Amino acid sequence: MRWNGKTLLWALALVGFILLPQLITVKYYLHLSILALCWVIAAQGQNLIQGYTGYVSIVQAGFMGIGAYSTALMGLHYDLPVWLTILLAPCVTAVFAVLTGYPSLRVKGHYFAVVTLAFNLVIFIVLMNWHDLTQGEAGITGIPKPGGKDSWLNWRDRGTYYYFVLSIAILMTGLAALIVRSRIGQTLIAIRQNEDLVGAIGIAAWKYKLFAFVTSAMYAGLAGAIYAHYQSFINPEIFGVAQSLDAILAVIIGGSGTIAGPVIGAFFVVFLPEYLRFADSFRLILYGLVLVLATIFMPRGIVGVAGDLWAKVKGKPS
Amino acid sequence: MKLTTLTAALALAGTTALAAEKTLDIGVSDALTGGAAVYGLPQANAVKMAAEEINAAGGIKVGDDTYMLNVIAYDDKANPTEASNSVRKLIDRDGVKYILGFCCSGATGAVASFIENEDAVMLVGNAAERSITTREIPNLVRTRPPADYTGAAAGTFVAQKGHKKVAVLGALDIGFYASYVDAFEKELEKAGGEIVTRESFGLKDRDMTPQLTKIRELGPDAILVVGYVEPAAFIYRQAVELGIDVPRFGFTSGSEEQFLRVATSEQMEGVWDLRPTELTLLSASDNGIAYHANYSEKYGIAPSPSSPYAYDQTYALKDAIEAAGTVDDTEAVAAALRELPVPDEVVMQYLPVDGKMFDVNGQAYTSNGAFQWQGGNWVFVQDLPSDAAAYSAFLSTID
Amino acid sequence: MIEILQQIINGMAIGGVYVLIALGLTTVFGILGIAHFAHGSVSMFGGYLTFFLVVMWGLPLALAILIALVVGFLLGVLIELLAYRPVRNANHINAFIVALGLTMMVEGLNLEFFGHEQVVIPTDFSRVFNIGGVTIPELRLYVILAAALLIAAMTIFVEKTKTGQAIRAVAENRDAAILMGVNVNTIPLVVFSISTALGVCAGVMVGALFAIAPGIGEGLVVKGFAVLILGGLGSIPGAVVGGLVLGITEALAAGFISSAYKDVIAFVAMILVLLVRPQGLMGKA
Amino acid sequence: MLKVSDLRVSYGPIEVIHGISLEVKEGECVALIGANGAGKSSTLKAICGLVPAKAGTISFEGQDITNQSGHAIVRAGITMCPEGRQVFPQMSTVQNLRMGAYARSDNEQASDLEDMMNMFPILRERAHQAAGTLSGGEQEMLAIARALMARPKLCIFDEPSLGLAPKIVAEVGATIERIKKMGKTILLVEQNSLMALRLADRAYLFEAGEIVLSGTGEELQSHPEVAKAYLGH
Amino acid sequence: MTTAILQVEKLCKSFGGVHAVRDLTFHVAPGEILGLIGPNGSGKSTTVNALAGVFPPTSGEILLAGGHIQTLPEYERVAMGLSRTFQTASIFPEFTVREQLRLGCNVTLKSHPLSSVFGIGRHPGEDEAVESRINDILELTGLAEVAEDKVGTITAAQQRFLMIATTLASEPKIVLLDEPAAGLVSHERKTLSNLIRAIRDTGVSVLVIEHHMALIMEVCDRIVVLNFGSKIAEGTPEEIRNDKAVIDAYLGEAV
């Protein structure tokens, strides 16, 4: 019964996403939707480590940057086809994630958060200063779209790109759901509850934590790569700590430790600023306030609140 | 929504001799809030002021029609993603074809990367990154010269002063500062000089003593400070505190007030600033003086030295539209911009190449000046030896 | 040799600021288990306020600092009561996210009240001492001395006073402290007043010696946490040693390795320490 | 002296104490016995203000202390020596003892400290050692001494023998006996029911959040069900 | 003498110069219940942690079924057949009892963890085997009726038994029970001692660390007594009860 209701909701959402370009009259909102779908991918990754494993990582945007720069640079320097560099980008990100995850996962809680934040700063500094490779603050322009010149799809058309990103977002959301339901996912949830016990029952917790961290980084790398090819331009600015906080916000607002949460949260963080036409300082205050209030009053996010409401509605007639 | 017929009622009433008066929306994407708003907000203000002036003077005349300008300004916070969002919104939602503003390089680069595919014309202001005009995007022009154009002039100037060993301390993670230093070095080396070290600092660094201590050990003839004024002011102060007494050159474009907040006038005495002439009252033209007065009256605050880049954009656009004879055909307007002589109303002192304001790359050039801190003020000492034509040729060789 | 000495002196000033920030963080962390991420922004708030009192109202510096301490304390108390207290018993992740949200809010407040321009708190100390080629500006010397004084005062307070002992007791065992008759609802307020006082002092030092500008507080708080990781959690000597090590490492890295990557080098040093001694330099195993 | 009437305690939606009443008279030693999770510790926590009472009243020396904060209750004269000893591990023995007198404002703390050292000579030996490095038995003695430093009118012991070696258990029992002889009023919770009933003047038996039996120590010791379920014979 | 399941040779562990355990040698034979007792601070916890792999020993050897394990991490020792309980109830509060046990079975699975993501490459029948073993364990430990309850909601005593059940899920050769009777009342202790014997009867050796002398005396085949990090006695319950050194150091006059 509950399962059916959930499936129905997912199916409705899917139909909605597929029809969206037809429903949108102003193309600008299609543009925002594409960005939001990129964030869905990044937030699903963030959710694996933050929501399921219980480790707040503040380097998601940094990993998006690594994905974005690696797809752009591989395309520029080795002339590889776009689809291949998009596939390789998460792998490059994974290498960095292993290198950074190994030391940082030795510490827990706030320390882990701060160490990953330091990594985000390091990534940012290197992207800014390694001119020969990254062209620094000026950024990389002219990143090609997938498909090349004589593709049967018009990749310049935003509708096409929308469906491309949508398919990947669906795929990655599905993969996240599979991971969560698997033995691995159960182990991650167990680590969140009682990490010492996980070790005592014979599971190498560090391997699973590293798996979650690296997988979340690969999600970020993929999101960054797709973002880079969509925008055709990247520079370090968009891969700073502030954007990593957006990823955390997306997970919290949507509902951490749920599959639907990051989807809702990602659209929230992309579309919210559109409707907050305040001065910069007010927006910062409001953002902070949303984060604080959401954490205090709806720690399980929109999904959690919706679930409670649903339970109430269902509970009354019976 | 794009074109609104304001005078329909009049026309219906049978009033003759009046051509249709229409509205032309133009967009501004710039940093209106955040740290870069010191550059972006005055630019947006300057465009609005120019638009009002143009409207008051009878608007833009295209054939029989007269267009009144209406400015839609969006905040891009100097952030690349926000900038592409705001330009997308201008084009997709508001139907704008002419977009002005653009103070900062990252945001500008993001927009420049897709503007070629759009039915629009982009006019860049204060953003100094060279690569914006190296790609010869046909529907993009820029009023501010690239930083390395100024850097080359500065290098020649410092070499002429006889300095051989120059130590650089700069915000070298910022592309256009680095390119300023590169061009500086090239000219310095031509004269047999060299850069002995390139030290870097970040936007939020205020303690430069480690870098300066290293420079002190190297014993250079002069130091060159390249970066935003806030950290640069600390360098000048801390250099004195560490007992470094060689000549100090810089590329910071800061006001007296900004420096005096950090350093005393004695600590600043003798410092050189080598930069585009921009709006300095000591060197301003009649246009510049009028601009300064009008802006100050309208907004209750003095205009930033770089804000006329945006003011001048608006007049260049007006002349180009009138020359092309169309507001709808952006290709024609973009082509007309490339052929434009320097408009009469501009504030900055442009050095035309082949008699045109913008060269084939869409790049305009202003004069560069050497300013020196003397008794509490920046004093214009001389023009820097700038060569717009040569630089324009050089720019065309880069891709 | 002079160069190395000069770099160590250079690093000590910023190191002293790091120590003060880290001490503020470590007390809050020890008592409430909260990574008080907004601490840097609160410090900057204190610095800004001092600046405005001195420049706009023409108050003497000491009085301005005193008022800033009081207002900073009220802000700290407000933060504790309204934001941290509701999540005290929740998952530590929630507390951390509240702290991040608070950082945004305080940063926003700073922007709203004080604007984007950097401010420098004016002082009368402009002499420069030269000792055998090593130069020390007067102001820098006072900053180092003031930091040392505050550290000493803090140590004496915690070790020798009854309230200090109660704070330690709460940090070590909250429930037992209640049973001793310690009012654990007021202790967080005391802790926040100490932490904010140290933070405001750090903010004033930064504002006088360097400058206060948007974003600087966040940079400082990250360094503060790096100090905690370096020095070891909850350890006052750890914060002192860690802060000085970090400050001097940065100066030496900028002077002898690379100024562009000095922060990277500092963070790598922190991570290396983490690999070899997860409990920090002074922490107990 | 202490009177608990109709006390109810819940954690979230789950009620764990279902309306209990008990009394401790001045100079008495009262024991609470029962299985783990039967509600003994929750009752103590409610008395000490560590958890709120949902309903009912707790009065001490005629004053209502229901739902007062923990530190106020300490000041009223109730001190608990908590389960698991709960010393301050990085503080020295002396510092721990001084913390015990935290709520006091008189000038006789130094002499009380001396008294405790005399009563527990091992604490003098360990005076400047960090409490966390003391052995379990030594820590228990420290915890008891620390509780006495408050000069309590009512002294509550929560599972003082838990996790201690048999020899130490005997020592703890003897110590409580001594405190009883000093004339202190004692409320004792012990899973070692045999020891508790031997020490107690009166006792209450808890089962599933309710008091099912009460009487003098001897009465309960000889009660057949108690003997079977809790005393292990 | 047959090969011991667990052989501890000259085990030493010191923390910053303080010797917590010194030259400790003992063994647990197959099918044996060994008790480890001693005053607080005598090194029992350190010994358990060193055996379980929480930290490496300073020196000495630990052999499990003849193989050296002293350098292995905790989780690999579990895989080799040594699992443990904690003094305080250690649980996954959000899981059901069955889910916690299923996670406990993880170490026995042959299929790669990734195979459970995509549902390919699994060993046939493995899931069924796991479920049936869980049912056996639930039955053995008396937790069958709360199998589908959230672990956080069952009683403290049930949580203690669940902890023991979880150690059994990994198919151990030996289990270390660290103060299993803490907080249990008399009739629950009865259940516990029956359970310990039942575990032994399934062929698993047991090492019990416990203060409750009645329990120790009742279930243990042999007892090792520690004091100040060293072994002061070893023998049958009867021998230990009458050992002068043990009475002085540990039992006192009370027993």
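The values are calculated or read from the model by the stated rules, or taken from the named source; none is laboratory data. Nothing here was measured: the structure is a model prediction, and the numbers come from that model. Quick reminder, even Gly has a Cβ in these numbers, built from the backbone with ideal geometry, and neighbours come from all protein chains shown.
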Inset, instruction - Report, by residue number, each residue of the stretch C:78-102 that is in a helix (DSSP H, G or I) and surrounded by fewer than 16 Cβ atoms within 10 Å (Cβ to Cβ). - result: C:LEU78, C:LEU81, C:LEU82, C:ARG85
Legend entry - In the stretch B:147-176, residue modelled with the lowest pLDDT [restricted to those that are in a helix (DSSP H, G or I) and at the interface with another protein chain (Cβ under 9 Å from one of its Cβ atoms)]: B:GLY175
Legend entry - Odd one out for D:THR43 among (1) assigned to a strand (DSSP E or B); (2) away from chain C (no Cβ under 14 Å); (3) of a type outside the set (Phe, Trp, Tyr): (1)
Inset, instruction - Could you tell me whether the stretch D:87-104 includes any residue that is within 14 Å of chain E (Cβ to nearest Cβ), buried (at least 17 other Cβ atoms within 10 Å of the Cβ) and under 24 Å from D:ARG178 (Cα atoms)? - result: yes
Inset, instruction - State whether the residues of the stretch D:139-156 include one that is within 10 Å of chain E (Cβ to nearest Cβ), touching a residue at least 24 places away in the same chain (Cβ under 8 Å) and either surrounded by 19 or more Cβ atoms within 10 Å (Cβ to Cβ) or in a helix (DSSP H, G or I) (or both). - result: yes
Inset, instruction - Report whether or not B:ALA324 is more than 20 Å from the chain's Cα centre (by Cα) and more than 14 Å from every other protein chain (Cβ to nearest Cβ). - result: yes
Legend entry - Residues (more than 10 Å from chain C (Cβ to nearest Cβ) and out of contact with any strand residue (DSSP E or B) (no Cβ under 7 Å at 6 or more places or on another chain)) located in the stretch D:49-86: D:PRO52, D:GLU61, D:GLY62, D:GLN63, D:ASN67, D:GLN68
Legend entry - Selection from the stretch B:309-345 of residues that are of a type in the set (Val, Ile, Thr) and within 21 Å of B:SER29 (Cα to Cα): B:THR314, B:ILE321, B:VAL327, B:THR330, B:VAL333
Inset, instruction - Scan the stretch C:226-285 for residues that are of a type in the set (Phe, Trp, Tyr) and crowded, with 22+ Cβ neighbours inside 10 Å and jot them down. - result: C:PHE267
Legend entry - Which numbered condition D:LEU188 misses (of (1) assigned to a helix (DSSP H, G or I); (2) among the hydrophobic types (A, V, I, L, M, F, W, C); (3) in contact with a Pro (Cβ under 9 Å, 6 or more places away or on another chain)): (1)
Inset, instruction - State which residue is nearest to E:LEU82 (Cα to Cα) when the search covers only the stretch E:169-183 and only residues that are charged (D, E, K, R) and surrounded by 21 or more Cβ atoms within 10 Å (Cβ to Cβ). - result: E:ASP178
Inset, instruction - Taking B:ASN126 as the residue in question, decide whether it is out of contact with any helix residue (DSSP H, G or I) (no Cβ under 9 Å at 6 or more places or on another chain) and either part of a loop (DSSP other than H, G, I, E, B) or not assigned by TED's automatic domain parsing to the domain that holds B:LYS77 (or both). - result: no
Inset, instruction - Quick one: count up the residues across the stretch B:28-43 that are touching a Gly at 6+ places or on another chain (Cβ under 8 Å) and either of a type in the set (A, V, I, L, M) or not assigned by TED's automatic domain parsing to the domain that holds B:ILE99 (or both). - result: 3
Inset, instruction - Quick one: count up the residues across the stretch C:262-285 that are more than 7 Å from every other protein chain (Cβ to nearest Cβ) and of a type in the set (Phe, Trp, Tyr). - result: 0
Inset, instruction - All but one of (1) on the phi < 0 side of the Ramachandran plot; (2) within 14 Å of chain C (Cβ to nearest Cβ); (3) free of Cβ contacts under 8 Å to residues at least 60 places away in the same chain; (4) not in a helix (DSSP H, G or I) hold for B:SER304, so report the exception by its number. - result: (3)
Legend entry - Conditions (1) surrounded by fewer than 24 Cβ atoms within 10 Å (Cβ to Cβ); (2) of a type in the set (Phe, Trp, Tyr); (3) in contact with a helix residue (DSSP H, G or I) (Cβ under 8 Å, 6 or more places away or on another chain); number of the one not met by A:TYR230: (1)
Inset, instruction - Please find, within the stretch E:187-209, the residue that is farthest from E:LEU101 (Cα to Cα) out of those that are within 14 Å of another protein chain (Cβ to nearest Cβ) and surrounded by fewer than 22 Cβ atoms within 10 Å (Cβ to Cβ). - result: E:HIS187
Legend entry - Of residues in the stretch B:75-97 being among the hydroxyl-bearing types (Ser, Thr, Tyr) and surrounded by 24 or more Cβ atoms within 10 Å (Cβ to Cβ), the one farthest from the other protein chains (Cβ to nearest Cβ): B:SER86
Legend entry - Cross-chain or 6+ apart pairs with Cβ under 8 Å, the stretch A:93-121 first and within 7 Å of chain C (Cβ to nearest Cβ) and charged (D, E, K, R), then surrounded by fewer than 24 Cβ atoms within 10 Å (Cβ to Cβ) and part of a helix (DSSP H, G or I): A:ARG106/C:LEU274; A:ARG106/C:LEU275
Inset, instruction - Please indicate, with yes or no, whether at least one residue in the stretch E:172-186 is within 27 Å of D:GLU207 (Cβ to Cβ), assigned to a helix (DSSP H, G or I) and not aliphatic (A, V, I, L, M). - result: yes
Inset, instruction - Could you please find all residues in the stretch D:123-136 being surrounded by 16 or more Cβ atoms within 10 Å (Cβ to Cβ) and at pLDDT 90 or above? - result: D:LEU123, D:ARG126, D:ALA130, D:ALA131
Legend entry - Any hit, the stretch B:43-60, residues being part of a strand (DSSP E or B), in contact with a helix residue (DSSP H, G or I) (Cβ under 6 Å, 6 or more places away or on another chain) and surrounded by fewer than 24 Cβ atoms within 10 Å (Cβ to Cβ): yes
Legend entry - Index of the failed condition, D:VAL9 passing every other in (1) part of a loop (DSSP other than H, G, I, E, B); (2) modelled with pLDDT of 90 or more: (1)
Inset, instruction - Out of the residues in the stretch A:125-148 that are assigned to a loop (DSSP other than H, G, I, E, B) and either of a type outside the set (Gly, Ala, Ser) or without any contact (Cβ under 8 Å) to a residue 60 or more places away in the chain (or both), state the one that is farthest from B:LYS204 (Cα to Cα). - result: A:PRO146
Legend entry - Close pairs from the stretch C:215-238: first in contact (Cβ under 8 Å) with a residue 12 or more places away in the chain and within 13 Å of chain A (Cβ to nearest Cβ), partner outside any helix (DSSP H, G or I) and of a type in the set (S, T, N, Q), Cβ under 7 Å, at least 6 apart: C:GLY232/C:GLN279
Inset, instruction - From (1) more than 14 Å from chain A (Cβ to nearest Cβ); (2) in contact (Cβ under 8 Å) with a residue 24 or more places away in the chain; (3) within 30 Å of C:ALA169 (Cα to Cα), pick out the condition that doesn't hold for C:ARG88. - result: (1)
Inset, instruction - Say whether the condition of being within 14 Å of chain A (Cβ to nearest Cβ), surrounded by 23 or more Cβ atoms within 10 Å (Cβ to Cβ), of a type in the set (A, V, I, L, M, F, W, C) and touching a strand residue (DSSP E or B) at 6+ places or on another chain (Cβ under 6 Å) is met by at least one residue in the stretch E:152-164. - result: no
